[in-house]
Amino acid sequence: DAMVIQNPRYQVTQFGKPVTLSCSQTLNHNVMYWYQQKSSQAPKLLFHYYDKDFNNEADTPDNFQSRRPNTSFCFLDIRSPGLGDAAMYLCATSRRDSYTDTQYFGPGTRLTVL
Amino acid sequence: TQLLEQSPQFLSIQEGENLTVYCNSSSVFSSLQWYRQEPGEGPVLLVTVVTGGEVKKLKRLTFQFGDARKDSSLHITAAQPGDTGLYLCAGAGRNAGNMLTFGGGTRLMVKP
């Protein structure tokens, strides 16, 4: 089945220690998104790639970076995680030229910062 | 800036009861998605509605898109404990570069 895959599902890191989260998709979608979600809140968009074009949200901290080496993969790098960065990180994909703009989410990575 | 107000925030009901969740906005959306999210998992797409006035049914769930494409509702008939979760509405707008505007979510608990 076509899907969005996130690894790892659970990540524990230490305060200030860089961490990378990964996302892959078999949907061949041209847009990939990274969201941060804190408990029982709606997901908050960090940035997205439309093909190779990177689009950062204005309030996304510089501590968060992303890479998309090819259509299928996208990475979220947190350069110096703080305690406030503990959250669920969600990857989503969509097809920009589709009629509905529907986004499909992965299962998420739960990040714990010690 | 597009805003999407979702209500209620919390809902605790007994198995077998009916419920409705609402999402309202002053903005027009090109489409609107409903997701359900369980603890520790990502949001799972339930439905996308596109046409004003559209009604879609998914077993005991009925989704409606307002005529003006500014609001939507989710009605669950005879709720079951398996319906427990966080329900999110999200509108896509051409003016927002196709980014999703999320409602605040409705946390539903269905007690057996």
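Test A:Cys74 against the stated conditions and say whether it is crowded, with 21+ Cβ neighbours inside 10 Å, under 13 Å from the mean Cα position of the chain (by Cα), more than 14 Å from chain B (Cβ to nearest Cβ) and not in a loop (DSSP other than H, G, I, E, B).
For A:Cys74, the condition - crowded, with 21+ Cβ neighbours inside 10 Å, under 13 Å from the mean Cα position of the chain (by Cα), more than 14 Å from chain B (Cβ to nearest Cβ) and not in a loop (DSSP other than H, G, I, E, B) - is met.
When residues of the stretch A:46-97 are filtered for being under 26 Å from B:Glu38 (Cβ atoms) and in contact with a His (Cβ under 8 Å, 6 or more places away or on another chain), how many remain?
So the answer is 3.
In the stretch B:53-77, what residues are surrounded by fewer than 13 Cβ atoms within 10 Å (Cβ to Cβ) and in contact with a strand residue (DSSP E or B) (Cβ under 9 Å, 6 or more places away or on another chain)?
B:Gly53, B:Val55, B:Lys57, B:Leu58
Mind checking whether some residue in the stretch B:30-39 is surrounded by fewer than 17 Cβ atoms within 10 Å (Cβ to Cβ), at pLDDT 95 or above and not in a loop (DSSP other than H, G, I, E, B)?
no
Scan the strands (runs of 3 or more DSSP E) fully inside the stretch A:2-51 and keep the ones with 3 or more residues being within 29 Å of B:Leu4 (Cα to Cα) and of a type outside the set (Phe, Trp, Tyr).
Answer list for the stretch A:2-51: A:4-7, A:31-37, A:44-50.
Kindly list the number of the only condition in (1) within 12 Å of A:Thr102 (Cα to Cα); (2) in contact with a helix residue (DSSP H, G or I) (Cβ under 7 Å, 6 or more places away or on another chain) that fails for B:Glu15.
Tallying (1) within 12 Å of A:Thr102 (Cα to Cα); (2) in contact with a helix residue (DSSP H, G or I) (Cβ under 7 Å, 6 or more places away or on another chain), B:Glu15 fails exactly one: (1).
Residue-by-condition table, conditions (1) exposed (fewer than 14 other Cβ atoms within 10 Å of the Cβ); (2) among the small types (Gly, Ala, Ser); (3) on the phi < 0 side of the Ramachandran plot:
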| residue | (1), (2), (3) |
| --- | --- |
| A:Val4 | no, no, yes |
| A:Ser39 | yes, yes, yes |
| A:Tyr49 | no, no, yes |
| A:Asp53 | yes, no, yes |
| A:Asp59 | yes, no, yes |
| A:Arg67 | yes, no, yes |
| A:Asp85 | no, no, yes |
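Looking at (1) free of Cβ contacts under 8 Å to residues at least 12 places away in the same chain; (2) on the phi < 0 side of the Ramachandran plot, can you tell me which one A:Ser22 breaks?
For A:Ser22, the failing item is (1).
The values are calculated or read from the model by the stated rules, or taken from the named source; none is laboratory data. None of the values given here were measured: they were computed from a predicted structure. All Cβ positions, even for glycine, are placed from backbone atoms using ideal geometry, and neighbour counts span all protein chains on display.
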